[in-house]
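Right, one structure below, let's go through it.
The values are calculated or read from the model by the stated rules, or taken from the named source; none is laboratory data. Please read all numbers here as calculations on a predicted model, not as lab measurements. Cβ placement follows ideal geometry from the backbone for every residue including glycine, while neighbour counts extend to all protein chains displayed.
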């Protein structure tokens, strides 16, 4: 039976269409041949990016590198909101790129856990630095892997963008979490992971981190990863928590990579705005299905892979 399922926090609904379901093997991606050309992110081509902001080195060579986005979504011009029938303001902010590895054909899931921890540290460092600009209200970390997911280059990288406002989705999550806390005197995300750790949607857990397929998954094989301890940002994670988080992210991406033949995906971190108490978490969205008129016209998504089946797939060795 098909079901309408509501998001944990938001007034957002998903149709879990079991009757239109597919097997995991039906989502295996066809391999493509990469077009030859010069990669701006490869070693030796550092002069082809804007001036470097930060780097992590090993044996005198960079292994992680950060620089401004050559084609930023934001601007250096700051201005107040002009409120009228047509409201606008300059898109002030910072937009940066983090090349996660110097190796062009190496994916994030192929890096060592220790290397991924260094990537998480770079994320945290850039968030802290960008937030020093008091005009920046929120900093978001997101990754586009594959052209279908919005990546313009194949070389593995993540983007960091600072906004002059808190994005609507993050604000709505934070407000819903605050309402729940006032009513239940507890964090809704803490209650979510404890509940999902006992459900058939659980993928992996250890002493510090838990991962599961969310109850109202919008994407086939969608995954949430979160620290068990209530923290608001990446910078609050202990060394053991970061290692656990990196290890779990690697295992899930490796399963996705190997079982579905390197599918395109996005992931993003949601952390708390300054005036909120949002539990840090990562949302991973494989891009295996297309949004159509139903999704765009109603904001109600049809997902043909029940999250319970997706979690079973991730748990299989």
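The condition of being over 27 Å from residue 122 (Cα atoms), in contact with a strand residue (DSSP E or B) (Cβ under 9 Å, 6 or more places away or on another chain), at pLDDT 95 or above and surrounded by 15 or more Cβ atoms within 10 Å (Cβ to Cβ) holds for only one of 215, 189, that being 215.
Sort through 167, 227 and tell me the only one that's closer than 24 Å to residue 125 by Cα and modelled with pLDDT under 95.
Values: 227 fails: modelled with pLDDT under 95.
None of the others qualify; the one that does is 167.
I'd like the residue in the stretch 116-136 that is farther than 25 Å from residue 251 by Cβ and in contact with a helix residue (DSSP H, G or I) (Cβ under 8 Å, 6 or more places away or on another chain) and, out of all such residues, is surrounded by the most Cβ atoms within 10 Å (Cβ to Cβ). The extreme case among them is 136.
Number of residues in the stretch 53-89 that are in contact (Cβ under 8 Å) with a residue 60 or more places away in the chain and more than 30 Å from residue 104 (Cα to Cα) equals 2.
What about residue 258, is it in contact with a strand residue (DSSP E or B) (Cβ under 6 Å, 6 or more places away or on another chain), free of Cβ contacts under 8 Å to residues at least 40 places away in the same chain and either under 18 Å from residue 125 (Cβ atoms) or not in a strand (DSSP E or B) (or both)?
no
Would you say residue 245 is closer than 26 Å to residue 305 by Cα and not in a helix (DSSP H, G or I)? In short, no.
Mind checking whether some residue in the stretch 273-295 is in a helix (DSSP H, G or I) and under 19 Å from the mean Cα position of the chain (by Cα)? No: the stretch 273-295 contains no residue that is in a helix (DSSP H, G or I) and under 19 Å from the mean Cα position of the chain (by Cα).
Being in a helix (DSSP H, G or I) and modelled with pLDDT of 95 or more is the requirement here; does residue 198 meet it? Lay out the reasoning, then the answer.
Numbers: in a helix (DSSP H, G or I): no; modelled with pLDDT of 95 or more: yes.
Considered against the rule, which asks whether it is in a helix (DSSP H, G or I) and modelled with pLDDT of 95 or more, residue 198 comes out as no.
As a summary of the residue check, residue 266 satisfies the conditions (1) under 18 Å from the mean Cα position of the chain (by Cα); (2) not in a strand (DSSP E or B) except for the one numbered (2). Let me spell it out: the conditions are (1) under 23 Å from residue 15 (Cβ atoms); (2) not in a helix (DSSP H, G or I), and residue 232 meets all of them except one. Which number is the exception? All conditions are met except number (1). Residues in the stretch 6-51 that are under 16 Å from residue 289 (Cβ atoms) and modelled with pLDDT of 90 or more: 3 in all.
For the stretch 185-204, a residue qualifies if it is touching a residue at least 12 places away in the same chain (Cβ under 8 Å) and either within 20 Å of the chain's Cα centre (by Cα) or closer than 24 Å to residue 276 by Cα (or both), and the qualifying residues are 187, 188, 189, 190, 192, 193, 196, 201, 202, 203, 204. Being under 25 Å from residue 233 (Cα atoms) and buried (at least 20 other Cβ atoms within 10 Å of the Cβ) is not true of residue 63. Taken over the stretch 147-165, the criterion of being within 17 Å of the chain's Cα centre (by Cα), crowded, with 18+ Cβ neighbours inside 10 Å and closer than 19 Å to residue 270 by Cα is satisfied by 157, 158, 159, 160, 161, 162, 163. For the stretch 61-82, a residue qualifies if it is at pLDDT 95 or above and more than 25 Å from the chain's Cα centre (by Cα), and exactly one does: 61.
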